[in-house]
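Below is one structure; the comments refer to it alone.
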Amino acid sequence: LFRSGRFDATNVVPAPVGAITTIGLDHQEQLGHTLEAIAFEKAGIIKPGMRVVLGRIAPGPRAVIERVAADRHAVLIDAIEAPTTTTVTDGRAQVTIDTSHRRYGPIPLGLRGAHQADNAVVAVHVLEALQGAGVAVPERAIASALRDVVWPGRLEVYALDGHRSVILDAAHNPEGADSLADYLALWQPDRPALVIGVMRDKDAEGILRALLPSVSSVVVTAAHTPRACEPETLAALVRALAPDRHVELEPDVQTAVTRAFALGPTVCVAGSIVLIGEVRDALDRRAILP
């Protein structure tokens, strides 16, 4: 899905179809500090005559996208208006999507989280729009892709010995943290321990405000990159936002996850894609054991 900004490298490729799934406050140094400013940058993908599929976008930024589309004579396709039935079992949504062309489903989605239903609707409309541009995608291929897709580090669950598990989610902005918190509140009511590391340029307070109600305790760490926020800074922020929450500080990522298992059988790791990559690597090497 082409959903980057005005100066993104995808703009060197002529594309008949694009998609803008959501607009959130992220990459603000590059994209702007309001949803409307970010929407203008995201709308930079729109080419003359392009079909553009829209996800769930608030009225303000949507109006910006509509103006850009009108200027470029692009066709907007509102995916979220499609009648959709969604049920969620064990953290995974099952969807039935009725487009103007056909019915898809019920299809159990391969990715966890109720928010993936919206993403599935956008993906279906993008593929249908591609068919209108001469790229044939069979219905069975669309269904199997939604069912079998794998996205490492996005609500990915590692089951370990002793009925223990690690939930990995690269929630690195408040919107992503909201989706993760919704998942934890519904499917992890006992509230896991949280291992978190955030980059300096991210909204750490917004991320923590979203996640803290859904976790029992926190181990603060930092990925091995100069962009990482100092663990001491994050720990102080956790204490300010939730004075009664148990907080530990462990700069070493691998040790942080091991320490979190002393706090409960389920550990959630979030806050940075780089952090998730380090933990996944350690888990695959079996370097992290409860």
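Residues in the range 237-251 that are open to solvent by 70 Å² or more (accessible area, probe 1.4 Å) and charged (D, E, K, R): how many?
Summing the residues that are open to solvent by 70 Å² or more (accessible area, probe 1.4 Å) and charged (D, E, K, R) in the range 237-251 gives 2.
Could we say that LEU76 is of a type in the set (A, V, I, L, M) and open to solvent by 40 Å² or more (accessible area, probe 1.4 Å) here? Let's see the steps before the verdict.
Values: of a type in the set (A, V, I, L, M): yes; open to solvent by 40 Å² or more (accessible area, probe 1.4 Å): yes.
When the stated conditions are applied, LEU76 passes them.
What do you reckon, is ARG102 over 28 Å from GLY44 (Cα atoms) and of a type outside the set (Asp, Glu)?
Details: over 28 Å from GLY44 (Cα atoms): yes; of a type outside the set (Asp, Glu): yes.
When the stated conditions are applied, ARG102 passes them.
Checking GLY113 against (1) on the phi > 0 side of the Ramachandran plot; (2) open to solvent by 50 Å² or more (accessible area, probe 1.4 Å): exactly one of these is not met. Which one?
All conditions are met except number (2).
The conditions are (1) open to solvent by 40 Å² or more (accessible area, probe 1.4 Å); (2) in contact (Cβ under 8 Å) with a residue 12 or more places away in the chain, and LEU234 fails exactly one of them. Which is it?
So the condition that LEU234 fails would be (1).
Have a look at ASP169, ASP182, ASP190, ASP201 and point out the one that is of a type in the set (Asp, Glu), touching a strand residue (DSSP E or B) at 6+ places or on another chain (Cβ under 8 Å) and surrounded by fewer than 17 Cβ atoms within 10 Å (Cβ to Cβ).
The conditions single out ASP190.
Considering only the range 88-102, state which residues are closer than 25 Å to GLY18 by Cβ and either open to solvent by 70 Å² or more (accessible area, probe 1.4 Å) or among the aliphatic types (A, V, I, L, M) (or both).
Looking only at the range 88-102, we keep the residues that are closer than 25 Å to GLY18 by Cβ, and these are 93, 95, 97-102.
Scanning the range 88-102 gives ALA93, VAL95, ILE97, SER100, HIS101, ARG102.
Before we move on, is ARG259 open to solvent by 60 Å² or more (accessible area, probe 1.4 Å) and over 16 Å from ALA170 (Cβ atoms)?
On the way: open to solvent by 60 Å² or more (accessible area, probe 1.4 Å): yes; over 16 Å from ALA170 (Cβ atoms): yes.
Considered against the rule, which asks whether it is open to solvent by 60 Å² or more (accessible area, probe 1.4 Å) and over 16 Å from ALA170 (Cβ atoms), ARG259 comes out as yes.
Could you check how many residues of the range 128-146 are of a type in the set (D, E, K, R) and surrounded by 14 or more Cβ atoms within 10 Å (Cβ to Cβ)? Break it down into steps so the answer makes sense when it comes.
Here is the first cut: in the range 128-146, the ones of a type in the set (D, E, K, R) are 128, 139-140.
Then drop every residue that is not surrounded by 14 or more Cβ atoms within 10 Å (Cβ to Cβ), which leaves 128, 139.
Of the residues in that region, 2 qualify.
Of all residues in the range 241-263, which are touching a residue at least 60 places away in the same chain (Cβ under 8 Å) and either out of contact with any Lys or Arg (no Cβ under 8 Å at 6 or more places or on another chain) or within 18 Å of ILE207 (Cβ to Cβ) (or both)?
Correct list: ALA256, VAL257, ALA260, LEU263.
The values are calculated or read from the model by the stated rules, or taken from the named source; none is laboratory data. Keep in mind that this is a model prediction, so the values were computed, not measured. Methodologically, a virtual Cβ is constructed for each residue, glycine included, from the backbone with ideal geometry; neighbour enumeration extends over all protein chains shown. With ligands, DNA and RNA removed, areas are computed over all heavy atoms of the protein, side chains included. Shrake-Rupley method; radii C 1.70, N 1.55, O 1.52, S 1.80 Å.
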